[in-house]
Structures are given as structure tokens and as C-alpha cells.
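Input: a single structure, listed below in C-alpha cells.
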Amino acid sequence: MAAEDPFQHLHDEDYARPYLAGLVGAEAYVPIHGRPVFSLDGDWRLTLDLFDEGLRQKWFLLDETPPSQWSHPRDYEIEAGELVSVPSCWNVLKPEWTYFEGAAWYTRHVDWQRGPAGERSILNIGAANYSALVFVNGSYVGGHRGGSTPFSLDVTDNLRDGRNRLQIMVENRRSPNRVPMQHIDWFNYGGLYRDISLMRLPAVFIRQAQAMLLPGGREVRFSVVLSDASNTTAQVDIPELGLSLSVPIRNGKGEVTTPFAGQLWSPDAPRLYDVQFSCGADRISERIGFRTIEARGTDILLNGETIRLKGVCVHEDDLALGKVSTEADVRRRFHHVKELGGNFLRLSHYPHHEHVARIADEMGLLLWAEIPVYWAIAFDNPETYADAENQLRELIARDINRASVILWGVGNENADTDARLAFMSRLAQAARRTDPTRLVGAACLINRETFAIEDRLAEHLDVIGLNEYFGWYEPDFSGLDRLLANSNPGKPVIVSETGADALSGHRGAGRVLFTEDWQAEFYRQQVRRLAATPYVAGIAAWLLYDFRTERRQTGFQKGFNRKGLIAEDKTTRKLAFAVLAGLFAEWRT
Ligand code: GCB
């Protein structure tokens, strides 16, 4: 055991402090796409740890002596853990784990051979909800907070030749200071629910490689950031365009701008190019589309032309898998949006899996990607801000080259207080600083005093998101008429949510709540009004599929939000699906 006094840990309530020091964030992130990786997905041992005994007793220090040879009693044994497959959410693995919120220890072994001197070994974790601490061969190597973004840890000095032990403590307690906080309208799945891998990189490697079409669409800029402050030259090649450029690197950074003579990317023609970045022995190969996006007046312009965004919101939620997102699931989702005649999805309310934007690039869909600054965040807490900004920067670092992503969302339905204005305007600035090429938006509430689309945050945004539920949470649509006539937002408005619950198969005439009929009529009434409003540049229906949420417990809901156009089986369509498809088809573009 770690401690000399076997009971010392019972009295130390400060047990978590030592691990705060090693938290990593966006600056440590290393993109994995386009590089060979050694997957660590598959079998891991999982032990739930409701009382944080793992940190209190330092379970990571225990050796693997068989129980028959223990000199002291123990409370943890790797082999006693449940054999689980990663990625997964523990909530869907065993009925008795459904509502578990706490810490859990994942353990596995990996055979590894160290490379030549200087080579780096980087551990990448696609996502762990909410926080994670990583231990290699008994040593703490670092941790992360933020449940939906990836992180990287340099484990070069911790790995040895032969068998290595990896332990990851993941913890998903809901808490007022987190992002999101404890009150959310979705299910709080826990676990290592995205891919995990190890990657070998040369001593100096590419930390960031970006290709961006500049406003106007005539020039493209390539930029490269290295892992250290070297002065050297990187190389960018796009073989299909006959482009081969040197990028001078000074102090680890460099960029070059050149005329763009390729085809633009758009939902109708999602043209992607192979772009190869290299520097020394490191190399990244990406499929990248080139397009421009801007807000002008109350319009959104894609490649210089006005576009109406027609689409849906979607949660990362699956009956069998929880928050695990498979490629097949994402493709099915996009096919549904295309069948609706849509071109747009809002990925609510947190960063979705990395492959979502890649598949959207390929299939030609536009995305609103956001961080979970949702409802009553602790806006006056500097640590909460740091966490939110880090999640935003990790999301941007991961998806910077995705043409499909047109907007960074910095929040959802947050009351217009001074603390919220300071917090979210700062986030909007951070988004712009990190990525000047995309729109910044937030899903806002209505100003109930003036009854208008007005929010003090709007001056910091390119696009105002409006969540409104006239006809559902408010009995009729007269408020919507009043609101639309009374507003002069001066910027494009995307109706970032509107919708009504319907239990699949429940029918009734008139405004009978939870019927498919009322949900369908709701969309007729809503879209007719919204489509006639010039400043409405987009509509994202709330939402594509019914999803789990413990806040909803009537006989109609039974633990689900029923505002899906399709039931939670992702197959059974409600009447509203075809109705909305018809309404989208009529809406001018
Ligand atoms: C909202 C929230 C969303 C909820 C939705 C609802 O405004 O942004 O997360 O799930 O309403 O169904 O009430």
C-alpha cells in the first residue's frame, strides 16, 4: 500500500488536490487524423468507485500480486473489475449501472517497444465524460476535464519496453461549477466513450496544420505550428491541384498564402482534396474542402451566395450505446436530414464525435458545433470560464479543417445577466481569435420585457440563435407573430430550436399535447411564419430523434424527450417528418 499508516487515507479529504496540477488542455492536443495510430479500443477492466477510494487509497500504486500472496487486505483488484469494451458508456452496460454518477477505474495492459531516441509516444483520448486522470505503470501522467472534447498526453517517459499498465479514472458527477452544470435536459452518460490510441511521433512534430480559404474565395492560406520553436521548412502538397509549397517556419510557426484554383466545397458539390502537410519526418494527410462563410446584413452567405439553412438539431444518444456514436449511426442521421430536404444540423449541446464533421464534409451538410455552456452555468466562477474556453479551443483545434462546420456556438439559453454577458462575450472573442474564418453564434432567449429578439450578447455574435416554442410551451402562435413583427435584429437569425413533443402512435385532433397530429400542425404553423420572415436565415427543428432525459417522467415521456421527428428507435417516423419535409421544400432558398 502507498501509505505507511493503512488508515491514513480515511482522514484525508484533500486527496484529489495532487492531480489538479497535471491537467492538460487545448495547447497539448495533437491531431490524430491522417496519422498511423495504435488503437487501445477493446477490452478494459472496469471498477466503479462511488466513494473515490481509488484516489484516497492510491489504487494505481498497487502491484498485481495475486490475492493469495497479499500481505495486507485490499479494496481493489484489477481482475475483479468487469470486462468491458471501450468505447462505451457504463450506464448501458448493466442495469444496476444505469444511473451511476461517480468515479470508475479502467485498466488494461499494452505491449510496447520504445522507439529511437527522441521519438514521442502520445496517448490520445477521444472523450471521457466528465473528467479523467491517467496513470501509466503506477505514475500519474495527467488529466483532463470537459466531457466531449479530445485530449493528448505525452507518455514517452512513462512507457517501458514490454508490458505496460494503463489506468484511467473517469468521473461523471454533475456539479454546479462544471460545463455543463448539473441541470441539463439530456442523459449524463459516463465513461470512455470515444476512441483511445497511442501514436508514435518524431521528436519535433506538427501540432497544428490548417488550410483555409480566405474571404473572397480567391486565396488559400496554409499554416503550420510545430511542437517546438524550431526554424525549418514545412511542405504542403495538393497533388490534384498540382500545388506544392514550402512553408518557412520561424519559432515553430509559419504560413503561406497562394491563389486557389480548385473547386469550391458546397452541400450540392462537396468537393474534397487530399492535402498533405509534412515537416521533417512528420506527415499529416487530410481530406479538406474549401469554402467561405460570412454574415452580411441579415443573410448568411456560403461561397458569396445567400443560403437558407434548413435542418434539425440532434443529440448524441442511442438506445443501445448511449453516447457512443458509430459511423453507421452518423450516416443514417445524415440520410434522414437529406430526406427532409435539409442541408444543416445543429450538434446539440456539446461537441459530437470527430467523425461527424468528417462525414458531413463528405456528404455535404452544414454544421453548427457548440460547447455545453447550457442554462445556469456558474458565470461568475473563473475556473468554470477556463474550463469552457478550453473546451471551445479543443473543439476548434480538432475540427479546424472541416468545411462542413460553419458556426461555433458558445452557449444555449442563458439568462441575460451581467456575469453571463462577460463570460460569453469573452468566449465569443476567444472563438474569433482561435478561428477568424467561421461564424460565432449562441442560442438566445427572447427579451420578455420588450418582447423582441434582443440580447446584450448579440453585438458579440455574427448570428443570433433563437430558441422559441410558441404553440408548445406557450399555448398559441400569437406570441410568435408579435415577436417576429416586433424584432429588428440587424443580423441573421437562426431559429436554433423549435418543436413539440409527440409520442409515436399517439393521435388526436386539435391541440392535444403529445399527439403526432399536434406536432405536425405545430410545424405547419411555425414554419409558415418563420419562412416569411426575411431575417430568418435558418431553422433547426428540435429535433431529429427522441432522446433519453431523466427530467421527463410523464406517461408520454417515460424518461425521454419526445420532440423527435423520429422515435428513439431512429426508424419510426412521426407525421411531422413528412410535413416538415414539405415545408422545407416550399421555403425559398
Ligand atoms: C430547450 C433546450 C433543449 C431542450 C428543449 C426542450 O430550449 O435548449 O435542450 O431539450 O428546450 O425540449 O424543452
Could you list all residues from the range 1-45 that are outside any loop (DSSP other than H, G, I, E, B) and either in contact with a Ser or Thr (Cβ under 7 Å, 6 or more places away or on another chain) or acidic (Asp, Glu) (or both)?
-> GLU27, ALA28, PHE38, SER39, GLY42, ASP43, TRP44, ARG45
Can you tell me which residue among THR549, THR554 is assigned by TED's automatic domain parsing to the domain that holds LEU366 and near the ligand (Cβ under 10 Å from one of its atoms)?
-> THR549
Say whether the condition of being of a type outside the set (Val, Ile, Thr), at pLDDT 95 or above, within 21 Å of ASN343 (Cα to Cα) and within 16 Å of the ligand (Cβ to nearest atom) is met by at least one residue in the range 477-497.
-> yes
Would you be able to say whether some residue in the range 530-537 is surrounded by 23 or more Cβ atoms within 10 Å (Cβ to Cβ), touching a Phe, Trp or Tyr at 6+ places or on another chain (Cβ under 8 Å) and not in a loop (DSSP other than H, G, I, E, B)?
-> no
Please name all residue pairs, on different chains or six or more residues apart, with Cβ atoms under 7 Å, provided the first residue is in the range 173-184 and is in the same structural domain as PHE51 (by TED's automatic domain parsing) and the second residue is of a type in the set (Lys, Arg).
-> GLN182/ARG174
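So, in the range 155-186, exactly how many residues are more than 16 Å from the ligand (Cβ to nearest atom) and within 22 Å of GLU389 (Cα to Cα)? Write out each step before concluding.
From the range 155-186, those more than 16 Å from the ligand (Cβ to nearest atom) are 155-173, 175-178; that's our starting set.
Narrowing further to those that are within 22 Å of GLU389 (Cα to Cα): 170-173, 175-178.
Matching residues across the range 155-186 total 8.
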Name the single residue, out of those in the range 309-335 being among the hydrophobic types (A, V, I, L, M, F, W, C) and within 14 Å of the chain's Cα centre (by Cα), that is farthest from ASP185 (Cα to Cα).
-> VAL330
When both residues are 6+ apart or on different chains and their Cβ atoms are under 8 Å apart, which pairs have a first residue that lies in the range 453-474 and is free of Cβ contacts under 8 Å to residues at least 60 places away in the same chain and in a helix (DSSP H, G or I), and a second that is more than 12 Å from the ligand (Cβ to nearest atom) and of a type in the set (Phe, Trp, Tyr)?
-> none
LEU301 being without any contact (Cβ under 8 Å) to a residue 24 or more places away in the chain, surrounded by 14 or more Cβ atoms within 10 Å (Cβ to Cβ) and either farther than 19 Å from ARG218 by Cβ or within 26 Å of the chain's Cα centre (by Cα) (or both) | yes
Picked from the range 103-128 (must be touching a strand residue (DSSP E or B) at 6+ places or on another chain (Cβ under 6 Å), among the small types (Gly, Ala, Ser) and farther than 14 Å from SER197 by Cβ), the residue modelled with the lowest pLDDT is GLY115
Checking ILE377 against (1) within 15 Å of the chain's Cα centre (by Cα); (2) crowded, with 24+ Cβ neighbours inside 10 Å; (3) within 26 Å of GLN182 (Cβ to Cβ), the condition it does not meet | (1)
Residue satisfying all of: in the range 327-369; in contact with an Asp or Glu (Cβ under 8 Å, 6 or more places away or on another chain) and more than 16 Å from the ligand (Cβ to nearest atom); nearest to SER266 (Cα to Cα) among these | GLY364
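Suppose we keep only residues that are assigned to a loop (DSSP other than H, G, I, E, B) and small (Gly, Ala, Ser) within the range 500-525. Which one would you say is farthest from the ligand (Cβ to nearest atom)?
Quick first cut of the range 500-525, residues assigned to a loop (DSSP other than H, G, I, E, B) only: 500-501, 503-513, 515.
Retained after the next criterion (residues that are small (Gly, Ala, Ser)): 500, 504-505, 508-510.
On the way: ALA500: 9, SER504: 16, GLY505: 20, GLY508: 20, ALA509: 24, GLY510: 21 Å.
Per the stated criteria, the residue is ALA509.
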For PRO215, are the conditions met, namely being farther than 30 Å from TYR76 by Cβ, within 16 Å of the ligand (Cβ to nearest atom) and assigned to a loop (DSSP other than H, G, I, E, B)?
-> no
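Out of the range 477-526, which residues are acidic (Asp, Glu) and surrounded by fewer than 16 Cβ atoms within 10 Å (Cβ to Cβ)? Even if it seems obvious, please write down each step before you answer.
Step one: filter the range 477-526 for residues acidic (Asp, Glu), giving 481, 497, 501, 516-517, 521.
Result: ASP481, single match.
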So which pairs qualify, if the first residue must be in the range 71-82 and within 10 Å of TRP105 (Cα to Cα), the second must be of a type outside the set (A, V, I, L, M, F, W, C) and surrounded by 13 or more Cβ atoms within 10 Å (Cβ to Cβ), the Cβ gap must be under 6 Å, and the two must be at least 6 apart or on different chains?
-> ILE78/ARG45; ILE78/THR107; GLY81/ARG45; GLY81/THR47
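The values are calculated or read from the model by the stated rules, or taken from the named source; none is laboratory data. This one's a predicted model, so the numbers in the text were calculated from it and none came from an experiment. Cβ sites come from the backbone with ideal geometry, for glycine too, and all protein chains shown count toward neighbours.
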